[in-house]
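A short reminder: the numbers here are calculations on the coordinates, not readings from a lab. These numbers were taken from a predicted model, which means no experiment stands behind them. When we count neighbours, we look across all protein chains shown, and the Cβ atoms used for this are built from the backbone with ideal geometry, even at glycine.
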Ligand code: FDA
């Protein structure tokens, strides 16, 4: 049985941050992970450039059943704190649209930095370790049975992340531990994920695969204006990933394909200037021809502007500004960037990340019921929550 002050389950973004912080306080820390490489999700994040935080950080960019939960941690270790940490290590970065910060070179620099921070604070990282069981002993300590033998600790930090992308190491271990200790787990589901279409829509829109256009996508009063990408399975692109965090099965998604124009005005002006022009000539100046052909009936597109009825103009308006589709699902954990739901935050202290009913048990990062928008918010949550737990575990 090896004795540590702190055992952290998961050598990902939040676990490594927590380990370095707890180690700096002189705690004897070990991080256990079943993967053979640390921070695998960080390595693939942001297309390999790691969108590590966002200038516009605020609690409003997160979904949780307890929307106030994130506030304390985000304010105690914020985007500027992380920026100064990576600047200390000489990692170059740049800002992209919507306040997103990316590494100039590679996400591997961020993982190397986290591992260097762990070494500096003498926290040990043990990869390739299978966790068989966790138990609480009578004296309040935790005992773990693993493929590397037994571990005993006063503080156990669960940093095992969500269920997205199993080949990267995702597993439900964190949820199982939470349930074992009587915590509620809010039903997990895929987030920041492409939406799939009903067979008839999929067939109708198949020719559009590869087209990307800026649009406003809306579900139940929440909207995002970014690119939408047609794929051979359905809809993707940043606007769709963002709205997928809010979408529930059975709900319709409404898309404005022309958020910067008013198509009835465009048609009205064109009709005055060139009444003999066909509708398709006007619309294909605004959107790709393949898209126009898929969204509107061919007879209407071939009609001359002067011949268009009010009903037809209304149809064009509806199809281009209020296009509705009811997805039949999402691509699931296979491609989702995050997991919605997770360990209910009501059972966790927002200051320390410690479980209110089980002293010494902590939950950090994506395993909690905290889901960020696309744009560096999920990693920032991992840094902030890991940092906070590291001050107390
Ligand atoms: P994380 O997943 O980082 O770490 C969990 C660790 O626990 C893993 O190392 C895993 O192996 C380990 N583990 C799990 N089960 C275990 C078990 N049974 N036994 C032992 N170990 C176990 N976010 C963002 O802000 N900007 C971005 O650019 C991106 N990009 C991005 C791309 C892709 C493809 C994905 C899948 C995700 C992103 N994200 C992102 C999301 C971001 O990567 C994610 O939210 C954080 O890594 C979560 O940090 P955690 O520490 O909670 O889990």
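Return the FRET efficiency for the residue pair residue 133, residue 44: r is the Cβ-Cβ distance, R0 is 30 Å, and the value is rounded to the nearest 0.05.
That pair, residue 133 with residue 44, gives E of 0.50.
On full extension of the chain, what length is gained from residue 184 through residue 37, given 0.36 nm per residue of separation minus the C-alpha to C-alpha distance?
So the chain would gain 49.9 nm between residue 184 and residue 37.
Mind checking the alpha-carbon convex hull of the chain and giving the volume per residue in Å³? Could you put the intermediate results ahead of the total?
Details: hull volume 53.4 nm³, N = 393.
Each residue corresponds to 136 Å³ of Cα convex hull volume.
Work out how much length residue 71 to residue 201 would gain on full extension: take 0.36 nm times their residue separation and subtract the Cα-Cα distance, in nm to one decimal.
In short, 42.7 nm is gained.
Quick check on the stretch 91-208: take the gyration tensor over C-alpha atoms, sort the square-rooted eigenvalues as a ≥ b ≥ c, and tell me if it's rounded (a/c under 1.5), prolate or oblate.
oblate
Describe numerically, in nm with one decimal, the distance between label points set 7 Å from Cα along Cα→Cβ at residue 83 and at residue 212.
2.5 nm
At what distance in nm do the modelled label points of residue 265 and residue 290 sit from each other, each positioned 7 Å from its Cα along Cα→Cβ?
So the label points at residue 265 and residue 290 sit 3.0 nm apart.
Residue 335 versus residue 277, label points 7 Å from Cα toward the beta carbon: distance in nm?
3.6 nm
Let me know the whole percent of all Cα-Cα pairs from the stretch 1-43 that are separated by more than 14 Å.
The calculated P(r) of the stretch 1-43 puts 45 percent of pairs beyond 14 Å.
Just from its helices, what would the mean residue ellipticity at 222 nm be for the chain, if runs of 4 or more DSSP H residues each count -39500 (n - 2.57) and the sum is divided by every residue, rounded to the nearest 500 deg cm²/dmol?
Taking each H run of at least 4 residues, the total per residue is -9000 deg cm²/dmol.
Would you work out the relative contact order for the chain, in percent, from Cα pairs under 8 angstrom that are 6 or more residues apart?
26 percent
Compute the normalised compactness of the stretch 256-393: alpha-carbon radius of gyration over 2.2 N^0.38 Å, N being the residue count.
Against the empirical 2.2 N^0.38 Å value, I get 1.80 for the stretch 256-393.
May I ask what percent, to the nearest 5, of DSSP beta bridges between residues of the chain are antiparallel?
Counting only bridges with both partners in the chain, antiparallel ones make up about 70 percent.
Could you line up 291, 126 from fewest to most neighbouring Cβ atoms inside 10 Å?
Result, fewest neighbours first: 126, 291.
Place the peptides 8-17, 360-369, 299-308 in order of packing, highest mean first, counting for every residue the other Cβ atoms within 10 Å and averaging per peptide.
Highest to lowest by the protection proxy: 8-17, 360-369, 299-308.
Sort 296, 32 by Cβ crowding within 10 Å, fewest neighbours at the top.
296, 32
Write down, largest first, the equivalent ellipsoid semi-axes of the stretch 194-331 in whole Å, where each equals the square root of 5 times an eigenvalue of the alpha-carbon gyration tensor.
28, 15, 12
Which whole-number percentage describes the relative contact order of the stretch 194-331, with Cα contacts under 8 Å and a sequence gap of 6 or more? All intermediate terms of the calculation are to be shown ahead of the outcome.
Values: 232 pairs, mean separation 43.1, N = 138.
Over the stretch 194-331, the number comes to 31 percent.
Mind checking the full-extension length gain between residue 233 and residue 116? Use 0.36 nm per residue of separation minus the Cα-Cα distance, one decimal, nm.
This chain segment gains 38.0 nm when fully extended.
Among 348, 131, which comes first, second and so on when ranked by fewest other beta-carbon atoms within 10 Å?
Ascending Cβ contact count within 10 Å gives the list 131, 348.
Grab the beta carbon distance between residue 105 and residue 24, set R0 = 30 Å, and tell me the FRET efficiency rounded to 0.05. Intermediate results must be reported in sequence, preceding the final value.
Values: r = 26 Å, r/R0 = 0.88.
The computed FRET efficiency comes out at 0.70.
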